[in-house]
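Chemist: Structure incoming, see below.
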Amino acid sequence: MSNLKEVLSGKKVLIPFITCGDPDLETTEKAVLASCANGADAIILGMPFSDPTAEGPVVYEANLRALASGITTDKIIEAAKRYTSKVNVPIMFMTYANVVFSYGIERFASECRDAGIAGVTLFDLPYEEKDEFESICSSYGVDLISFVAPAPDARIAKIAKEAKGIMFIMGAKTDDEIKHIVKVVKENSSVPCICGFDDLTAQDAKTKVLCSDGIALCTDLVKIIERFGKNSQVHIANYVKTINDAIRS
Amino acid sequence: MTNPNGRFGIHGGQYVPVTIMGAIDELEKAYEFYKNDKAFNDELTTLFNEYAGRPSLLYYAEKMTKDLGGAKIYLKREDLNHTGSHKINNVLGQALLAKKMGKTKLIAETGAGQHGVATATAAALLGMECVVYMGKEDTERQALNVYRMKLMGAEVVPVTAGTATLKDAVSEAMREWSKRLDDTHYCLGSVMGPHPFPTIVRDFQAVISREAKAQILEKEGRLPDVVLACVGGGSNAIGSFYHFIEDKSVRLIGCEAAGRGIDTFETAATVNVGSVGIFHGMKSYFCQDKFGQIAPVYSISAGLDYPGVGPEHANLYDMGRAEYVPITDDEAVDAFEYLSKTEGIIPAIESSHALAHAIKLAPQMKKDQIMIVTISGRGDKDCAMVARYRGEDLHE
């Protein structure tokens, strides 16, 4: 069984996003290790998709770099096995429905379990379409993690009631919007609620972390890797440490 | 034909980021109301008839019929619509709906530029802002259409991401929509994307077969034996098929863009070479690799250069109700020239894919059989490109 909820509850958490295989799997491994050594409570590995419609140009380019290097679902799962054996925080996959669907949902869930992956999040799988994926993932002990966006309270509640592991907030424009979503989620679920940010400074992190149960770094590590490529490790270590210190001060 | 949650068999659905579910719900509720609203439908019919030039002709192509020596061939002349293609049918419907919903801005994707031009037209007419996303490669292939859109006050944004073609324009338009849902309607151009788009677009395009059925019954006193239309996303085809779906004696044939051939990687014949996947909000057939990465597709026709197909077509194929045949660039260009010379009608290169199959099929049919081919658009936009394909150094 996934222990995402238990491991990430009761504290402010920091979860960096890293595009897997950008520019190669060795760099991804170093980024994972550097993040964990400097305070990351969990890691989201982005599985590249040719057409990442929910994300901006930074992640799009990272996906194209990874795919151009010959990355495949098989290679990522193999690498994830290595990463999970080296770190003691949960690792999740974040990708698009077609990557999982085309691989075979059952085969994907089973491989995730064997690789020690705690959860999977699919950008283009809203509440309305999740059934086809969720029961299979659950049966392999992998949490299918939900997104929630600003919406009428009844809808947020409906999503929260069936949330597994943790919950990611996307599309909220103000701190008040984030706080309101968190409030409604908490009334209906006990999963930690994490909000993602771009271009986060230490100062931002101090205030943003108060809005929810923690912070996901959506594009900051991707940008460091875009700039420093295979030599990103020290820059990632420094950045994650800065944010980690800020949210715990 | 639509099940709850917008399913067509196993296809369709609403595979979109949670950030745009609210807008999709709002659109669905508005459409459910207005589709049965008499005032809305009267207004749309007036726009169709007084502005777009409907009903379009069902033209008996006598010379073509005699030349091919088989079935009697009728052409459904969507090329005669205002803006030169069937795209105006859907756009007037969606723009009017958006206006009723209180939206002030239309955004759209476009491939060949026909849908972009139609959207810019409707926006100008109804006093709305308009931004069109177009793959950079397509802005170069269809420079004149870019100018047309700008002339009517639209902003054209070249999309450089990915393959810089139609699929990337769709992705960009969806991404932009999620950022400004409050005042903006995404005027999707084909029977694709998340529910309710495939149903909305089909209903507005169904005017093609509604008219064609009445026209053929009036002219011939009976139903056609075959209806042919080209398929990219599939909007003119579903419009051409819709009112014949229950008439089991009518063969429905969608003509896909095979590009350089379905045995090559340079093809866009989705139903013929694709597999079931989830992309752009829908489950359907897609050109993709075994890891679900969407394949770069190719066709001489920018309007058919798309790696997916609408979910209702995917279901019609699964049920065996419609057939989907691949047509190569060469065959389409031959048909483009054939209709121009034979009937004095220059068809769009997209529509030429349907004509190419008609040219193959008609001689195998009996003289008392009837075929309807939808000419989805006019071919003026394609002349320079076809000239270059034939080796002439002609540029717009």
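Chemist: Of A:K130/B:K35; B:K29/B:K105; A:K206/A:K230, which pairs sit farther than 22 Å apart, going by alpha carbon to alpha carbon?
Modeler: Among A:K130/B:K35; B:K29/B:K105; A:K206/A:K230, the Cα-Cα distance tops 22 Å for A:K130/B:K35; A:K206/A:K230.
Chemist: Amide H of B:G261 versus every other amide H placed in the peptide plane: which residues, excluding those fewer than 5 positions away on the same chain, fall under 5 Å?
Modeler: Placed amide hydrogens put B:D329 under 5 Å from B:G261.
Chemist: Another question, then. Give me the base-10 log of I(q)/I(0) for segment B:270-396 at each q in 0.12 Å⁻¹, Debye formula, one uniform scatterer per Cα, rounded to two decimals.
Modeler: -0.55
Chemist: Something else: So which residue, out of B:N89, B:N49, B:N236, gets the largest mean-square fluctuation from a GNM of chain B using Cα contacts under 10 Å as springs?
Modeler: B:N49
Chemist: If you don't mind, there's one more thing I want to ask. Could you report segment A:4-248's accessible area per residue, 1.4 Å probe, as an integer in Å²?
Modeler: 36 Å²
Chemist: Return the subset of B:K341/B:K381; B:K179/B:K381; A:K179/A:K241 for which the Cα-Cα distance in this structure is over 28 Å, preserving the input order.
Modeler: Listed pairs above 28 Å: B:K179/B:K381.
Chemist: Run the helix sum for chain A: -39,500 (n - 2.57) per DSSP H stretch of 4+ residues, divided by residue count, reported at 222 nm to the nearest 500 deg cm²/dmol.
Modeler: For chain A, the value works out to -15000 deg cm²/dmol.
Chemist: Quantify, in whole percent, the carbon and sulfur part of the accessible surface of chain B (1.4 Å probe; protein heavy atoms only).
Modeler: 52 percent
Chemist: Further question on the same structure: If you take every DSSP beta bridge whose two residues both sit in segment B:259-361, what share of them, in percent to the nearest 5, is antiparallel? Intermediate results must be reported in sequence, preceding the final value.
Modeler: Numbers: 7 of 8 bridges.
Restricted to segment B:259-361, the bridges split so that about 90 percent are antiparallel.
Chemist: Also: Over chain A, what is the relative contact order in whole percent, taking alpha-carbon pairs under 8 Å and six or more residues apart?
Modeler: 25 percent
Chemist: Select from segment B:18-47 all residues whose loss of accessible area on going from the chain by itself to the full protein assembly reaches 20 Å² or more (probe 1.4 Å).
Modeler: B:V18, B:T19, B:M21
Chemist: Give me the summed buried accessible area for the B-A pair, 1.4 Å probe, to the nearest 100 Å².
Modeler: For B against A, buried area totals roughly 2600 Å².
Chemist: Can you give me the accessible area per residue for chain B, using a 1.4 Å probe, in Å²?
Modeler: With all protein chains present, chain B gives 35 Å² per residue.
Chemist: Need the per-residue list for segment A:114-145: every residue with at least 40 Å² less accessible surface in the complex of protein chains than in the chain by itself, probe 1.4 Å, sorted by number.
Modeler: A:D124, A:P126, A:E128, A:E129
Chemist: Could I ask something else about it? Determine which lysines satisfy two conditions relative to B:K367: a Cα distance under 21 Å, and not lying fewer than 8 residues away in the same chain.
Modeler: Cross-link targets: B:K63, B:K66, B:K72, B:K76, B:K213, B:K219, B:K248.
Chemist: Another question, if that's okay. Do the sum for chain B: with -39,500 (n - 2.57) for every DSSP H run of n ≥ 4, divided by all residues, what is the mean residue ellipticity at 222 nm, to the nearest 500 deg cm²/dmol? Show your work: numbers first, answer last.
Modeler: On the way: 16 runs with 163 residues, N = 396.
Value at 222 nm, helices only: -12000 deg cm²/dmol.
Chemist: Taking Cα pairs under 8 Å and at least six residues apart, what relative contact order does segment B:186-311 come out at, in percent?
Modeler: 25 percent
Chemist: While we're here: Using protein chains only (no ligands, no nucleic acids) and a 1.4 Å probe, work out which residues of segment A:37-51 have their accessible area cut by at least 20 Å² relative to the chain alone.
Modeler: Output list: A:F49, A:S50, A:D51.
Chemist: Further question on the same structure: Evaluate segment A:4-248: find the radius of gyration of its Cα atoms, find its Kirkwood radius, and give the ratio Rg to Rh.
Modeler: 0.93
Chemist: How large a share of the accessible area of chain A, in percent, is made up of carbon and sulfur atoms when the probe is 1.4 Å and the other protein chains stay in place?
Modeler: 52 percent
Chemist: Pairs of Cα atoms under 8 Å, at least six residues apart: use those to get the relative contact order of chain B, whole percent. Walk me through the numbers on the way to the answer.
Modeler: On the way: 896 pairs, mean separation 81.2, N = 396.
Normalised by residue count, the contact order of chain B is 21 percent.
Chemist: Then there is this: Pop out the Kirkwood hydrodynamic radius of the protein assembly as shown from its pairwise C-alpha distances, inverse of mean 1/r, in Å to one decimal.
Modeler: On the way: mean 1/r = 0.0390 Å⁻¹.
Evaluated on the protein assembly as shown, it is 25.7 Å.
Chemist: Using the Cα atoms of segment B:37-154 to build a convex hull, what is its mean projected area in square nanometres?
Modeler: Value for segment B:37-154: 9.2 nm².
Chemist: Now for a different question. Tell me, what is the Rg over Rh of chain B, with Rh the Kirkwood radius over Cα pairs?
Modeler: On the Cα set of chain B, Rg over Rh gives 0.94.
Chemist: Roughly how far apart, in whole Å, are the Cα centres of segment B:260-295 and segment A:137-185?
Modeler: 33 Å
The values are calculated or read from the model by the stated rules, or taken from the named source; none is laboratory data. Predicted model only: the values in this text are computed from it and were never measured. Areas reflect the complete protein model, heavy atoms only, side chains present, ligands, DNA and RNA absent. Shrake-Rupley method; radii C 1.70, N 1.55, O 1.52, S 1.80 Å.
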